[in-house]
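Contents: one structure, followed by commentary.
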Amino acid sequence: MCGLKLDTIAADLTAQRPSAEMVELFERQKRMRMIGRFSLSTAGAIGLALLLAQVVFYKLMIIGPVLLFGGASGAVILFLLASVFFFNYPKLFMKLDRSDPHLPGQAETSIPTNKLLADPPFEPASVTEHSTELLHRK
């Protein structure tokens, strides 16, 4: 044979592998951790919703529903107009040089990559060339 003790190596690898019971326990532990994270995040979301509901309730009592919903509607319209302005700002006020190769997306389209070198440096490979220089004959 080749001198390696493959039977010993296989036995060692089998001993390092966990048993089916341990695999089942590890999977159960992983599932319980995932369920615990889900429960904790759900409790956090419910707590945040309760806090926000309490804030909205007291604002309704103090300000009144007409003014509160009118202000919220005005805020939605204001932020929609701001988003339209900020999306169009570069087109309206920034003069970009479209021939600049450093712009994103420009370098790929402006430089052709399918050209071959005019005179490629080619040296044929040889098995015997330069391989016997270091050998000394006795």
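Condition check ((1) of a type in the set (A, V, I, L, M, F, W, C); (2) at pLDDT 90 or above; (3) touching a helix residue (DSSP H, G or I) at 6+ places or on another chain (Cβ under 6 Å); (4) not in a helix (DSSP H, G or I)) across all residues:
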position	(1), (2), (3), (4)
LEU4	yes, no, no, yes
GLU21	no, no, no, no
MET32	yes, yes, no, no
ALA45	yes, yes, no, no
GLY74	no, yes, no, no
LEU81	yes, yes, no, no
TYR89	no, no, no, no
LEU92	yes, no, no, no
LEU96	yes, no, no, yes
I need every pair where a residue in the stretch 75-89 that is of a type in the set (A, V, I, L, M) has its Cβ under 9 Å from the Cβ of a residue that is loosely packed, with under 10 Cβ neighbours inside 10 Å, sequence separation at least 6 or different chains.
none
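Hey, among ALA53, ALA20, ALA15, which residue is open to solvent by less than 80 Å² (accessible area, probe 1.4 Å) and not aromatic (Phe, Trp, Tyr)?
On the way: ALA20 fails: open to solvent by less than 80 Å² (accessible area, probe 1.4 Å); ALA15 fails: open to solvent by less than 80 Å² (accessible area, probe 1.4 Å).
ALA53 is the lone residue from the list that is open to solvent by less than 80 Å² (accessible area, probe 1.4 Å) and not aromatic (Phe, Trp, Tyr).
Tell me the residue from PHE26, PHE57 that is among the hydrophobic types (A, V, I, L, M, F, W, C) and within 33 Å of the chain's Cα centre (by Cα), please. Break it down into steps so the answer makes sense when it comes.
Details: PHE57 fails: within 33 Å of the chain's Cα centre (by Cα).
The conditions single out PHE26.
The values are calculated or read from the model by the stated rules, or taken from the named source; none is laboratory data. All figures in this text were calculated on a predicted structure; none of them were measured in a lab. Methodologically, a virtual Cβ is constructed for each residue, glycine included, from the backbone with ideal geometry; neighbour enumeration extends over all protein chains shown. Heavy atoms of the whole protein, side chains included, go into the accessibility calculation; ligands, DNA and RNA do not. Shrake-Rupley method; radii C 1.70, N 1.55, O 1.52, S 1.80 Å.
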